[in-house]
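Novice: Got a structure for you, questions after.
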């Protein structure tokens, strides 16, 4: 259902229940509302990405390798989870509460802050930083990732 290419239609609990093979009542036994279902999915996305980013930062000390691994993580997550990618890009949230998109925006802000920190640590770790402002570089890296995720969603249409 989340992988559906028809973003012009609202995702209903009836359609969602039918696509996963359970009754609507079964969904509501686990989640009080559709918004709470999306909240749980967003929480899973946040936990998955932030936990893995923290592992990368713990295990890898080279700045370029850290950046490469974080970008590959984001793009790989998108490729392996097309339905969740539609949530990340906002396509699946189009007809839902604005608060849900706000949570996704906060997640991307956290990731950008992590990228910015990695870029700034290069100066401390290696004695010299980048000639371009770290904030601009982090923004460009994240914009690249968001653009690739959007292209991936579009290519599945």
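The values are calculated or read from the model by the stated rules, or taken from the named source; none is laboratory data. Computed from a predicted model, the values in this text were never measured in an experiment. Positions of Cβ are backbone-derived with ideal geometry, glycine not excepted, and every protein chain shown enters the neighbour counts.
Novice: Suppose we keep only residues that are more than 21 Å from residue 94 (Cα to Cα) and outside any helix (DSSP H, G or I) within the range 20-36. Which one would you say is modelled with the lowest pLDDT?
Specialist: 21
Novice: Also, quick follow-up: Go through the range 38-63 and report how many residues are touching a residue at least 60 places away in the same chain (Cβ under 8 Å) and assigned to a helix (DSSP H, G or I).
Specialist: Residues flagged as touching a residue at least 60 places away in the same chain (Cβ under 8 Å) and assigned to a helix (DSSP H, G or I) within the range 38-63 amount to 10.
Novice: Could we say that residue 66 is under 21 Å from the mean Cα position of the chain (by Cα), at pLDDT 95 or above, surrounded by 15 or more Cβ atoms within 10 Å (Cβ to Cβ) and not in a loop (DSSP other than H, G, I, E, B) here?
Specialist: It is true that residue 66 is under 21 Å from the mean Cα position of the chain (by Cα), at pLDDT 95 or above, surrounded by 15 or more Cβ atoms within 10 Å (Cβ to Cβ) and not in a loop (DSSP other than H, G, I, E, B).
Novice: Determine, yes or no, whether residue 138 is closer than 20 Å to residue 52 by Cα, surrounded by 13 or more Cβ atoms within 10 Å (Cβ to Cβ) and free of Cβ contacts under 8 Å to residues at least 40 places away in the same chain.
Specialist: The answer is yes for residue 138.
Novice: Now for a different question. Return the only residue of 154, 99, 123 being under 22 Å from residue 43 (Cβ atoms), modelled with pLDDT under 95 and part of a helix (DSSP H, G or I).
Specialist: Being under 22 Å from residue 43 (Cβ atoms), modelled with pLDDT under 95 and part of a helix (DSSP H, G or I) holds for just one of 154, 99, 123, which is 99.
Novice: Okay, next question. Determine whether the range 85-104 contains at least one residue that is over 30 Å from residue 36 (Cβ atoms) and surrounded by 14 or more Cβ atoms within 10 Å (Cβ to Cβ).
Specialist: no
Novice: Among the residues of the range 102-120, which ones are closer than 13 Å to residue 64 by Cβ and either outside any helix (DSSP H, G or I) or without any contact (Cβ under 8 Å) to a residue 40 or more places away in the chain (or both)?
Specialist: none
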